[in-house]
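The block underneath contains the structure these notes are about, expressed in C-alpha cells.
The values are calculated or read from the model by the stated rules, or taken from the named source; none is laboratory data. What you are looking at is a predicted structure, and each value in this text was computed from that prediction instead of being measured. Here the Cβ positions follow ideal geometry from the backbone for every residue, glycine too, while neighbour counts run over all protein chains shown. Quick note on the areas: whole protein, heavy atoms, side chains included, nothing else; ligands and nucleic acids left out. Shrake-Rupley method; radii C 1.70, N 1.55, O 1.52, S 1.80 Å.
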Amino acid sequence: MTQLENWFVRDTATNAALAWLLLGIVISFAITSIVFEQLVTAGFAIAVVGVGIAPILSGRSWREMLPFPFLLVAALPLAVSVFQPDFATEFVSALSIATLALLLVVDLHLLTEVRMTPWFAVFFVVITTMAVAGFWAVGAGFAHGMWGTPFVRTNTQLMYVFIAATAGGLVAGGVFRWYFRRRERADARFAEEAKYA
C-alpha cells in the first residue's frame with residue numbers, strides 16, 4: 001500500500017460494518033431522491049456510494065473500507081438538505097465535498113496509477129470544493145431557468161455560497177494537512193523505533 005492508502009483504508013470488522021450501514025442509508029437516500037425527482041441529491045448520494053465502494057472494486061477484502069467517520073462527513077449534505085439553505089448548511093456541504101474530494105484522491109491511488117503528495121492532495125481538495133460550488137451555481141441556474149427549480153434569489157446569496165465553499169475547503173484542507181503531518185510523524189517515530197528494536 002502507498003502512504004495515503006495506509007492512512008485511509010481500514011481493515012476492521014467494526015469499521016466495515018459501520019461503513020456498509022452508512023452506505024446502505026445513502027443508497028436509500030439516492031433511491032428516494034430519484035423517486036421524488038431530486039436529481040442533485042440523488043447524484044451526490046451516488047457519488048458518495050461510488051467513492052465508498054472503490055476499495056472493494058480494487059480487489060481487496062469486503063472489510064477494507066474507507067474510515068467510517070470520513071464517509072459520514074462526506075454524506076452530511078444529505079442530512080442537512082432538509083433545512084433551508086443558509087451559510088451554516090452551505091459550510092457543512094463544503095466540508096463534505098472537501099472530504100469527498102480527499103476520499104477521491106485515495107480512490108485514485110487504489111484504482112489508477114495517479115499518485116499525489118499530501119500537499120498536492122490538500123490543494124486538490126480546496127480547489128475541487130471551490131470548483132464544485134461554481135459548477136453547482138451554473139447547473140442550478142440552468143435548472144431554475146428550464147424547470148423552475150429552487151435557486152438563490154440574489155447575487156449576495158450566491159456570494160455567500162461561494163464564500164462558504166471557499167471557507168469549508170480551506171478549513172478541511174487545513175485539518176487534512178494537520179492529519180497528514182501527524183501521521184507522517186507517527187510513521188517516522190515507528191520507523192525509528194523499529195530500527196533500534
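Do the sum for the chain: with -39,500 (n - 2.57) for every DSSP H run of n ≥ 4, divided by all residues, what is the mean residue ellipticity at 222 nm, to the nearest 500 deg cm²/dmol?
Per the formula, -28000 deg cm²/dmol.
With angles folded into 0 to 90 degrees, how steeply does helix 87-111 sit against the dominant principal axis of the chain? Use alpha carbons for both and round to 10.
Between the helix axis and the principal axis of the chain, the angle is about 50 degrees.
Could you run the Karplus curve 6.51 cos²θ - 1.76 cosθ + 1.60 with θ = phi - 60° over segment 38-45 and give me ³J(HN,Hα) per residue in whole Hz, x for Gly and Pro?
For segment 38-45, the Karplus-derived couplings read 9, 5, 5, 4, 4, x, 5, 4 Hz, x marking Gly and Pro.
Compute the normalised compactness of the chain: alpha-carbon radius of gyration over 2.2 N^0.38 Å, N being the residue count.
Computed over Cα atoms of the chain, the ratio equals 1.11.
Given 37 °C and 0.692 mPa s, how large is the Stokes-Einstein diffusion coefficient of segment 143-197 in µm²/s, with Rh as the Kirkwood radius over Cα pairs? Write out the running numbers ahead of the final one.
On the way: Rh = 15.0 Å.
This corresponds to a translational diffusion coefficient of 219 µm²/s.
Under the √(5λ) rule applied to the eigenvalues of the Cα gyration tensor, what semi-axes describe the equivalent ellipsoid of segment 39-132? Give them in Å, descending. Before the final figure, lay out the partial values.
Details: eigenvalues 112, 55, 21 Å².
Listed largest to smallest, the semi-axes of segment 39-132 are 24, 17, 10 Å.
What is the angle, in °, between the Cα long axis of helix 13-35 and the longest principal axis of the Cα atoms in the chain? Nearest 10 is fine, range 0 to 90.
That works out to roughly 20 degrees.
Can you tell me the order of 185-194, 30-39 when each peptide is scored by its average per-residue count of other Cβ atoms within 10 angstrom, highest first? Provide the component values of the computation, followed by the final result.
Working: 185-194: 10.0, 30-39: 14.0.
Ranking, from highest mean packing down: 30-39, 185-194.
Over segment 87-160, what percent of the accessible surface lies on carbon and sulfur atoms, probe 1.4 Å?
On the way: 3080 of 4190 Å².
Of the solvent-accessible surface of segment 87-160, carbon and sulfur hold 73 percent.
With every protein chain left in place, what is the accessible area per residue of the chain in square angstrom, probe 1.4 Å? Before the final figure, lay out the partial values.
Numbers: 11230 Å² over 197 residues.
Counting only protein heavy atoms, the per-residue value for the chain is 57 Å².
Which angle between 0 and 90 degrees, to the nearest 10, do you get for helix 68-80 versus the longest principal axis of the chain when only C-alpha atoms count?
Compared with the principal axis, the helix lies near 10 degrees.
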